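Everything below concerns the one structure shown next.
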Amino acid sequence: VLTLLDDSDPSVRAAASMASWKFEIPEPFLDALLRNLTSEDAGVRLSSSYALARLASAGTAPASSGAPVGRLSEPSLSRARDALTARVADPEPEVRMQVARGLANPRGGAELAAVGTLSKDREAGVRVNAVRSLGYPGMPIKPYLDRAVTDRDQGVAHTAIEAVGKIGGAAAEETLTMAPPEPPCRI
């Protein structure tokens with residue numbers, strides 16, 4: 001897999017990236033994934049961002065599939081999260097979605113600012129992943145989630161309401177009681 005991550009064919013590098021996060025010890029793949037995250041090929045960036053997001057959020061966010069996720073050491077985890085933070089303005093929405101996903105429960109101001117930026121993205125899927133990544137105890141509700149609960153996209157608003165509920169406390173109660181009621185469901 002390590003050799004394939006450096007292959008000259010972008011589709012091979014992308015496929016290798018998709019396999020790399022499943023290894024129990026993914027450390028040997030990190031440098032190649034970080035290089036591929038800045039590839040000119042959108043498919044390679046997407047696959048690398050997906051792998052890095054899985055690895056970066058493994059200890060925080062629940063797995064979204066039955067596949068076990070490898071665990072990075074703390075220094076490697078920091079490198080992965082820093083690299084994801086740097087891709088907040090990637091031109092591909094799918095990459096930005098993975099950036100938001102990988103920065104679940106932001107650690108520090110730079111990560112929080114990156115996820116906050118993504119919570120205002122023009123693509124609803126990116127906003128959903130961003131507000132989901134903010135839904136952890138101790139995360140601030142303002143200024144990102146309180147705005148997201150009234151997002152024009154119902155999927156984003158629903159996810160933001162869930163995130164605020166996971167944070168809990170008086171600020172969550174205030175935010176949720178201030179949110180306008182959802183329109184009636186039309187069948």
### Summary
Applying the gyration tensor rule to the Cα atoms of the range 41-135 (axes a ≥ b ≥ c; rounded if a/c under 1.5, else prolate if a/b exceeds b/c, else oblate), the class is rounded
### Message
Using only the alpha carbons of the chain, what is the convex hull's orientation-averaged projected area in square nanometres?
### Response
11.4
### Task
Would you be so kind as to identify which of Ala53, Gln154, Ala80 lies farthest towards the positive end of the dipole of the chain, taking Lys and Arg as +1 and Asp and Glu as -1 on Cβ and the Cα centre as origin?
Gln154
### Summary
Ranking Ile161, Ile25, Ile167 from most to least accessible area with a 1.4 Å probe gives Ile25, Ile161, Ile167
#### Entry: Accessible area expressed per residue, the chain, with surrounding protein chains retained (probe 1.4 Å, Å²)
50
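Can you give the FRET efficiency to the nearest 0.05 for Glu74 and Lys120, using r as the Cβ-Cβ distance and R₀ = 45 Å?
Working: r = 30 Å, r/R0 = 0.67.
So the FRET efficiency works out to roughly 0.90.
Of the listed peptides 123-130, 108-115, 4-11, what is their order by residue-averaged count of other C-beta atoms within 10 Å, with the highest listed first?
Working: 123-130: 22.9, 108-115: 18.0, 4-11: 14.2.
Peptide ranking by packing, descending: 123-130, 108-115, 4-11.
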### Message
Under 8 Å for C-alpha pairs, at least 6 residues apart: give me the relative contact order for the chain, rounded to a whole percent.
### Response
14
### Query
Lys166 accessible area, nearest 10 Å², 1.4 Å probe?
130
### Equivalent ellipsoid, the range 22-97 (semi-axes from 5 times Cα gyration tensor eigenvalues, Å)
19, 13, 11
### Where labels lie 7 Å past Cα in the beta-carbon direction, separation of Thr60 and Glu40 in nm
3.3
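Once you charge only the Cβ atoms, +1 for Lys and Arg and -1 for Asp and Glu, what is the size of the charge dipole of the chain about its Cα centre, to the nearest 20 debye?
Values: 21 positive and 23 negative charges, 63 e Å.
Charge dipole of the chain: 300 debye, to the nearest 20.
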### Query
Taking the alpha-carbon set of the range 1-60, what are its Rg and Dmax in Å?
10.2, 34
## Note on the structure
Dividing the helical contributions, -39500 (n - 2.57) per DSSP H run of n ≥ 4, by the residues of the chain yields a 222 nm value, nearest 500 deg cm²/dmol, of -16500 deg cm²/dmol
### Query
Using the beta-carbon distance between Ala67 and Glu173 and R0 = 25 Å, what value does 1/(1 + (r/R0)^6) give for FRET efficiency, to the nearest 0.05?
0.10
### Message
How large a share of the accessible area of the chain, in percent, is made up of carbon and sulfur atoms when the probe is 1.4 Å and the other protein chains stay in place?
### Response
57
### Message
As a test of reading the structure, rank Met97, Met139, Met18, Met178 by solvent-accessible area (1.4 Å probe, protein chains only), most first.
### Response
Met178, Met18, Met97, Met139
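The values are calculated or read from the model by the stated rules, or taken from the named source; none is laboratory data. Source: prediction; values computed, not measured. Cβ atoms come from the backbone with ideal geometry, glycine included; neighbour counts cover every protein chain shown. SASA here: full protein model, heavy atoms, side chains in, ligands and nucleic acids out. Shrake-Rupley method; radii C 1.70, N 1.55, O 1.52, S 1.80 Å.
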